[in-house]
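Asks: The structure that follows is given in the form of structure tokens.
Quick note: the coordinates plus some simple rules give every number you see, no bench work behind them. Every value quoted in this text rests on a predicted model; they were computed, and no experiment measured them. Methodologically, a virtual Cβ is constructed for each residue, glycine included, from the backbone with ideal geometry; neighbour enumeration extends over all protein chains shown.
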Amino acid sequence: MTQPGPLRAGTPPADWRSSLPPADGRYSYAFLDEGAKREIRRRMLKAVAIPGCQVPFGSREMPIARGWGTGGLQLTLALIGPEDMLKVIDQGADDSVNAVNIKKFVTRVTGVAVTTDTRAATLIQTRHRIPEEPLRPHQVLIFQVPIPEPLRLVEPSERETRRMHAEADYSRMWLYLYEDIVKFNEITVGARYPVMVNRRHLMDPSPIPRWDVAKLNQAEALCLFCAGREKRIYAVPPHTDVQPLSFEDFVFRVEAFGGRRCGRCGSTGTYLDEVIDDATGGRTYSCSDTAFCEKARRHHLAPGNHPPEEGAA
Amino acid sequence: MKPILQVRNLTKRYGKGCPDCLERTGPPHATNQCPRCRSVLACRAVDFALYPGEVLGIVGESGSGKSTVVRLLHFDFEPTAGDFFLRLNGNGAAPIDPAQNLFALSAFQRRQIRNERMGIVYQSARMGLRMKVSAGGNIAERLLMAGGRHVGRMRDRATELLAQTEVPVQRVDELPRTFSGGMQQRVQIAKALSTRPALLLLDEVTTGLDVSVQARVLDLIRSLQQELGVATIVVSHDLGVIRLLTSRTVVMRHGCIVEEGLSDQILEDPQHPYTQLLVNSTL
């Protein structure tokens with residue numbers, strides 16, 4: 001997708017912020033040098049070839065702090081090309097600090113257009129949500145991952161978790177869920193619900209709510225995951241089985257909102273955030289996916305309906 | 001009758017080893033540490049067989065290599081050399097080729113055989129149980145590994161096993177670290193029996209328990225063993241345990257088997273000087 005830019009060494013000026021133009025020859029296109037992009041792309045290919053398997057990569061220093069989406073950002077920069085349309089969300093919102101900063105940075109170093117419209121985007125970098133509108137085959141979803149290892153919860157040793165993955169020995173994770181049920185009579189895992197990918201690898205779907213876990217199964221779009229601090233890339237290719245761990249008598253369930261609807265757009269079939277009114281102390285609910293909410297309001301949709309495609313022929 | 005378990009030339013060496021190791025260690029030299037290279041031969045060239053339904057005792061002093069032998073059979077660590085064959089049928093698990101050396105299998109296959117065919121009870125409950133997981137969960141872990149996916153049924157089976165091993169069933173969801181030593185051993189036994197194994201390994205099960213609890217645990221093991229007919233290897237330094245449980249015994253010293261025979265024979269008419277010393281030194 002990327003145009004190979006000229007690879008020339010240069011000293012960044014003191015005030016690099018104001019003088020960092022897109023692809024002026026002093027920097028490689030999309031910030032990362034061609035060697036780094038090439039390595040990340042090759043790691044991504046391996047991750048796609050073994051769905052759910054964590055592939056190590058040489059995570060680069062980025063101009064944002066570790067833990068603020070450096071993993072997702074590196075994938076985005078390695079994939080992006082001039083004709084791409086970028087959308088960045090942070091827990092469903094297009095306009096939160098993390099999302100805005102990443103968007104600004106990518107635009108500055110590549111000059112690509114950004115959008116809030118899920119349908120129009122070709123690359124979507126996300127933190128902890130999957131957009132409400134169904135994704136389509138040409139789209140790529142990039143997740144920012146804090147802890148890529150689903151077994152870290154039950155096993156601190158990396159050596160041991162690697163052995164467990166190699167032998168498909170996931171009984172400890174099942175045991176964790178069993179104990180949860182014995183203690184609380186339900187599975188209390190909210191976000192980061194462990195999933196089985198392609199019936200082989202246990203995978204951490206990043207801290208998306210259970211609501212979004214089902215969207216990964218047999219998805220149309222390519223889902224890429226990257227943890228910059230932990231230096232791991234993994235992927236769920238399109239049309240891959242993604243099954244949350246579930247017992248016969250305690251099945252996986254998504255969040256229930258008890259028939260509540262979004263206070264702004266009136267939708268019912270979306271993941272809702274609880275908003276507490278500071279003045280009255282009352283509770284209202286609104287869509288976590290702000291772009292979807294906005295679109296639904298513009299179209300004055302009947303509750304539960306999805307908005308029509310904008311700008312389609 | 002064909003043996004269900006056959007071990008040949010089982011050797012475990014800690015350290016680099018040298019050409020002199022085998023000649024300079026063992027009972028004639030009264031050490032299992034090579035004086036030249038300082039390697040320790042925990043067990044060397046151990047051969048024995050186990051027949052269906054039989055209880056075999058392994059007896060010897062501390063450091064004689066008896067625990068090493070059973071833990072090698074449980075695939076807890078890798079042997080330096082040796083062959084291990086199992087001829088087991090039934091219990092619905094995948095069949096094992098009797099001519100296949102199990103030490104040569106992949107870690108995945110060995111884990112599967114261990115989970116489906118073997119149960120082990122360690123001297124310390126900390127090795128056999130997860131102290132931060134409930135007693136029922138400890139038992140369920142083996143069922144989960146074998147593919148159990150129904151919480152209710154697994155918990156029922158855990159309760160049933162705890163009743164069988166005389167642990168108060170209302171404590172099924174409590175942590176084993178709140179249990180007494182004897183109860184922890186019983187939970188270990190319940191865990192070992194959860195997948196209906198064909199081979200039970202008992203590694204100093206009653207050491208560290210007080211005498212009255214020892215008697216009850218041994219009684220339980222004996223009655224369960226007779227009821228289930230599971231072939232068992234009992235490791236102990238306590239001749240009382242050997243007398244009570246086993247029909248045949250091997251005596252180990254400095255990593256070697258020095259005497260082998262029917263338990264009564266060994267206890268009444270020991271041939272090897274070391275066995276004579278062992279029998280005579282009981283309180």
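Asks: Give, as a single signed number, the net charge of other residues whose beta carbon lies under 9 Å from the beta carbon of A:R152, with Lys and Arg counted +1 and Asp and Glu -1.
Replies: Residues close to A:R152 contribute a combined charge of -4.
Asks: Nearest 10 degrees is fine. How inclined is helix B:181-193 to the longest principal axis of chain B, computing both from alpha carbons?
Replies: 90 degrees
Asks: For segment B:145-217, what is one quarter of the convex hull surface built on the Cα atoms, given in nm²?
Replies: 5.5 nm²
Asks: Still on this model: How many nm separate the modelled label positions at B:S62 and B:S180, each set 7 Å beyond the Cα in the direction of the Cβ?
Replies: 2.6 nm
Asks: Turning to a different aspect of this structure: What list of ³J(HN,Hα) couplings, whole Hz, do you get for segment B:230-238 from phi and the Karplus terms 6.51, -1.76, 1.60, once you set θ to phi - 60° and write x for glycine and proline?
Replies: Whole-Hz 3J(HN,Hα) from phi for segment B:230-238: 7, 5, 9, 10, 10, 9, 7, 9, 9.
Asks: Figure the gain on full extension for A:V251 and A:H239 (residue separation times 0.36 nm, minus the Cα-Cα span) and round it to one decimal in nm.
Replies: Extra length available between A:V251 and A:H239 comes to 2.1 nm.
Asks: Please give me, ordered by residue number, the trypsin sites (Lys or Arg not before Pro) of segment B:1-51 that lie in loop per DSSP and have at most 14 other Cβ atoms within 10 Å.
Replies: Filter output for segment B:1-51: B:K16, B:R36, B:R38.
Asks: Can you pull the semi-axes for the protein assembly as shown, root of five times each eigenvalue of the Cα gyration tensor, sorted largest first, whole Å?
Replies: 61, 30, 18
Asks: Here is a further query. Taking the Cβ of A:I124 as the centre, find all other residues whose Cβ is under 14 Å away and add up their charges (Lys, Arg: +1; Asp, Glu: -1).
Replies: That works out to -2.
Asks: Right, another one. For chain A, how many pairs of lysine residues have a Cα-Cα distance under 30 Å, where the two are 8 or more positions apart or belong to different chains?
Replies: Qualifying lysine pairs in chain A: 25.
Asks: Which whole number of Å³ per residue matches the convex hull of the alpha-carbon atoms in segment B:44-138?
Replies: Given the Cα convex hull of segment B:44-138, per-residue volume reads 143 Å³.
Asks: Over 25 Å, how big is the tail of the calculated P(r) for chain A, in percent of all Cα pairs?
Replies: Result: 53 percent of Cα pairs exceed 25 Å.
Asks: Please list, in chain and number order, the residues 5+ apart from B:Y51 or on another chain whose amide H is under 5 Å from its amide H, with Hs placed from the backbone.
Replies: Close amide H contacts, sequence-distant or interchain: B:I4.
Asks: Can you list the residues of segment B:29-46 with backbone N under 17 Å from a point 7 Å past the Cα of B:S281, pointing along Cα to Cβ?
Replies: Only B:29-32 pass the distance filter.
Asks: Any idea what the alpha-carbon Rg over 2.2 N^0.38 Å comes to for segment A:196-300?
Replies: So the Cα radius of gyration is 1.32 times the expected 2.2 N^0.38 Å.
Asks: What FRET efficiency do you get for A:E133 and B:A45 if R0 is 41 Å and r is their Cβ-Cβ distance, rounded to the nearest 0.05?
Replies: E between A:E133 and B:A45, to the nearest 0.05, is 0.05.
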